[in-house]
Amino acid sequence: MFEEKHLLTSPVLMDVMKIEKSLSFDDILLIPRNTDLKREDIDTSSRLTEDIELKVPILSSPMDKVTGSKMTIAMAREGGLGIIHRNIDIKNQVGMVKNVKRSENWIIRNPYTVSPGIKARKAKDIMKEKDISGLPVIKDGKLIGIVTKRDLRFETELQKDVEEVMTSELITADSDTDIKKAKSILNKNKIEKLPLVDDEGRLQGLITVRDIEKKKQHPQATMDENGQLMVGSAVGPDEFNRVEALVDAGVDLIVIDTAHGNSKDVIKATEDINESFDVNLMAGNIATADGARALIDAGADSLRVGIGPGSICTTRIVSGIGVPQITAILNVYNEVKDEDVSVVADGGIRYSGDAAKAFACGADSVMLGNMLAGTEEAPGRIVFRSGRKYKEYRGMASISALEKREKNRYGQHFEKREDYVPEGVEGLVPYKGTVSEVLHQMIGGLQSSMGHLGARNIEEMRQREVYKITEGGKKESHPHNVEITEDTPNYHWEG
Ligand code: XMP
């Protein structure tokens, strides 16, 4: 793809150095093609790894103001994938993974339970705190009843022991009952909960109508074979114990999250994790063909591409290092196109059109920080300024993020603030509503692009030719000669 190499022929530098031109999102436009495609023919799904297929090929970045468990749940429900950040201790990160895994299920394998002797009031409190509507009651390891919110509607019941208020005549099913059979039992008996038990009456799981209903609302969701939402988590290259804990908690994808993936410790970590764990593995960040080759050979299933394009990054300015993002994607795609490895374009995406350009140049999915940081589900605080609503967003190499943890992505920890050498900034982004609204616009824009290109799927988007545009072309592309009087959800002027 894009055969031409733009070698500059500076007579001074020619003998000592090869200087190549590079491209970023604003430098190119995709060329429309003849097509008879209808919107319903378009399929935006994409493979991230052998086990993870995304209907919406968008990931949320592992940054502490972007991805916690709420973001991850929202992303997976919409058909994308959230990657939980690592600027936090292992216990809390594991807790977030468990929250996601518990949020939706066909079968809840380890439901919360109570013993018969506790007070009904306590059971009610547990249900409220965990946002569940019933608790199996266990005595001597065996299921003896269920106490539900309905059992505890009246204040007078709350003083009693659970044993006195629970429903003890239960309809149960075998532990290997599949979802189809479970639905028919629930339906036939007009019940809301179906406990699964083994031959000795020990609780093996719980199927609820509420969980089945939830699934219907999100037909696109990214799910594992148990009907649980999928979740990714970031780790550092020297954090084997973190990987172990996350894998135990059921994480679906480990992301080795570093600023420079083409380095000895990241390559070694990729090899070690690949050898020791049966888990999908993404490694990065890289921006060159040799970086891609090193991580593929080490066993990565997916490559995270981007050195310095992010909206909060100052790496290129502070260190003078980086590769403009379209060139970075092309570098990696050209190296991996015949391999069973996916390419994730990470950073610098401001509009749906940028994502379309990334796909056309070889990305299999895109990773967003800025575009999701302003959503309801992002963990950042809401801030009001001049009557407008914003959310906090910061680079993981900004001073405040570096200060937060000893082992950060950038390997810095100091006592004094001024000793840090940050490679990121912190600031505010406009409040954007929900993840669902943002992804709706992103996918709508992508479908529009695919329609113009006559591409039924992401693979067919790959371009042999694009136009490199001038400043004039860029100016013409944005609204001009008009005072915009009403904002649109998918466009704002970046300046
Ligand atoms: P966007 O443009 O979506 O980019 O906000 C998010 C990506 O930026 C990277 N990242 C950083 N890069 N300094 C950097 O040079 C930083 O402080 C920093 N924090 C995040 C990261 O790849 C993320 O996904």
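The values are calculated or read from the model by the stated rules, or taken from the named source; none is laboratory data. Computed from a prediction, not measured in an experiment: that's the story for all the values here. All Cβ positions, glycine included, derive from the backbone under ideal geometry; neighbour counts span all protein chains shown. Heads up: the accessible areas ignore ligands, DNA and RNA and are worked out on the full protein's heavy atoms, side chains in. Shrake-Rupley method; radii C 1.70, N 1.55, O 1.52, S 1.80 Å.
Here is the link list: Lys128/Lys216; Lys21/Lys337; Lys98/Lys122; Lys122/Lys149. Which ones come out longer than 18 Å on Cα distance? Don't skip to the end; give the middle numbers.
Working: Lys128/Lys216 24 Å; Lys21/Lys337 22 Å; Lys98/Lys122 23 Å; Lys122/Lys149 12 Å.
The pairs that break the limit, which is 18 Å between Cα atoms, are Lys128/Lys216; Lys21/Lys337; Lys98/Lys122.
Projected area of the chain, taken from the Cα convex hull and averaged over every viewing direction, in nm²?
Numbers: hull surface 120.5 nm².
It is 30.1 nm².
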For region 120-209 the mean separation of alpha carbon contacts under 8 Å (6+ apart) over residue count, i.e. relative contact order in percent, is 24 percent
Filtered hits (aspartates and glutamates, Cα-Cα < 15 Å from Lys183, offset >= 8 within chain) -> Asp174, Glu192, Asp211, Glu213
Computed Rg/Rh for region 94-248 (Cα atoms; Rh = Kirkwood radius) stands at 1.01
Dividing the helical contributions, -39500 (n - 2.57) per DSSP H run of n ≥ 4, by the residues of the chain yields a 222 nm value, nearest 500 deg cm²/dmol, of -9000 deg cm²/dmol
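So if I average 1/r over every pair of distinct C-alpha atoms in region 346-495 and take the inverse, what Kirkwood radius in Å does that give? Walk me through the numbers before you get to the answer.
Working: mean 1/r = 0.0553 Å⁻¹.
Evaluated over region 346-495, this radius sits at 18.1 Å.
Using a 1.4 Å probe on the protein heavy atoms, what percent of the accessible area of the chain belongs to carbon and sulfur? Numbers along the way, then the final one.
Details: 11840 of 25110 Å².
Carbon with sulfur: 47 percent of the solvent-accessible area.
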What one gets for region 21-126 as the Kirkwood radius, inverse of mean 1/r over different Cα pairs in Å, is 18.0 Å
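Going by average Cβ density within 10 Å per residue, which order do the peptides 137-150, 246-259, 69-82 take, highest to lowest? Write out the running numbers ahead of the final one.
On the way: 137-150: 17.1, 246-259: 23.1, 69-82: 26.2.
Per-residue Cβ counts within 10 Å, averaged per peptide and sorted highest first, yield 69-82, 246-259, 137-150.
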Relative contact order in percent for the chain (Cα pairs under 8 Å, 6+ apart) equals 19 percent
Binned at 10 Å from zero, the C-alpha pair distances of region 120-209 give percents of 17, 47, 31, 5
Log entry: pair-distance distribution for region 422-495, C-alpha pairs binned every 10 Å from zero, whole % per bin is 13, 30, 39, 18, 0
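Tell me, what is the FRET efficiency for Asp199 and Glu169 to the nearest 0.05, using R0 = 30 angstrom and their Cβ-Cβ distance as r? Walk me through the intermediate numbers first.
Working: r = 20 Å, r/R0 = 0.66.
Computed FRET efficiency for Asp199 and Glu169: 0.95.
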As straight-line cross-link partners of Lys432, the qualifying lysines (C-alpha separation under 24 Å, not fewer than 8 residues apart within one chain) are Lys55, Lys65, Lys70, Lys357, Lys389, Lys391
